[in-house]
Amino acid sequence: MSVEINGAKIFFTIPVLGGIPITETMVNAWLVMAIITGLCIWLTHGMTVRGTGKRQVVAELLVNTAQNFVDTNMGKKFSHYAPFIAALFSMSLLSSLLSLVGLYPPTSDLSTELAWAVVVFIMITATKIRTGGVGGYLKGFTEPIFVLTPFNILSELATPISMAFRHFGNIVSGSVISTLVYAALAVANKALFGWLPGFLGWLLGNIPFLQVGVPAILSVYFDLFSSAMQAFIFCMLTMLYIANAADDGSEEAAAA
């Protein structure tokens, strides 16, 4: 049995700065952003105060759900983060769901999650500085004792890395497991039906009887449930870190 699991294909390379490769990850990520943008334009087109249509009802439901999600987990003072959290969730979910239509999901590329994590890390740092000031932010690395400063710095840098690898690992592991099971079922199918003599054995051995049911069940879990769950967890961690950053900054400012 030969199984190949490859990363994103490189479509072409732009001859600038030593070569910028245009990969499946980039193309499919832009496709997801185009889909999200198109849906937003379609759902909000022709909105009215009275006599709302079905599209407007769906749009208002999605906005209220995102707003309540942020308000419940972060508090009313963080309501302005709702658009960012909604965009992050929809981007993560739709990117992972591309595998259902045979496209390479951008979330199977670590660079995607690392880019999101870096953005979140910048927002966390900006929240701490805005709340407690630059002095309070730097002072936080020396607490509770100065000796722990290197470890506090490593812990700060580990935040975006752990977020990225957690999301990436769960998405890729699902793809790997599904691929291995699908290949194993192909071998089992030939072993089960290939022993029959002559043309009948060849015919039944090459018809993928065993590859119909089990992969579909795995797809429901890994492509649907796991994708939604990982998007939810990433957004929850984002909200938790940003809210904690504001609380830590407040405490440092008060102490100063």
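Overview of values
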item: For the range 67-148, diffusion coefficient by Stokes-Einstein and Kirkwood Rh (Cα), 37 °C, 0.692 mPa s, µm²/s; result: 214
item: Net +/- balance of residues flanking residue 150 in space, Cβ distance below 15 Å, scoring K and R +1, D and E -1; result: -2
item: Rg ratio (alpha-carbon, reference 2.2 N^0.38 Å) - the range 1-139; result: 1.37
item: Solvent-accessible area, 1.4 Å probe, carbon plus sulfur percent, for the range 55-139; result: 71
item: Heavy atoms of residue 137: accessible area, 1.4 Å probe, square angstrom to 10; result: 30
item: Computed accessible area, residue 142, all protein chains, 1.4 angstrom probe, square angstrom; result: 40
item: Radius 9 Å from Cβ of residue 168, net charge of other residues (Lys, Arg +1; Asp, Glu -1); result: -1
item: Net charge over other residues, Cβ less than 15 angstrom from the Cβ of residue 105 (K, R count +1; D, E count -1); result: -3
item: Relative packing of peptides 10-20, 170-180, 58-68 - highest average C-beta neighbours within 10 Å first; result: 170-180, 58-68, 10-20
item: Interchain or long-range residues, amide H under 5 Å from residue 23's placed H; result: 11
item: Most to least accessible of 45, 167 (protein chains only, probe 1.4 Å); result: 45, 167
item: Area of residue 166 that stays accessible when all protein chains are in place (1.4 Å probe, Å², to 10); result: 100
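The values are calculated or read from the model by the stated rules, or taken from the named source; none is laboratory data. None of these values were measured; they are calculated from a predicted model. FYI the Cβ positions are ideal-geometry reconstructions off the backbone, even for glycines, and counts take in every protein chain you see. Remember, those area values only see protein heavy atoms, side chains included, never the ligands or the DNA or RNA. Shrake-Rupley method; radii C 1.70, N 1.55, O 1.52, S 1.80 Å.
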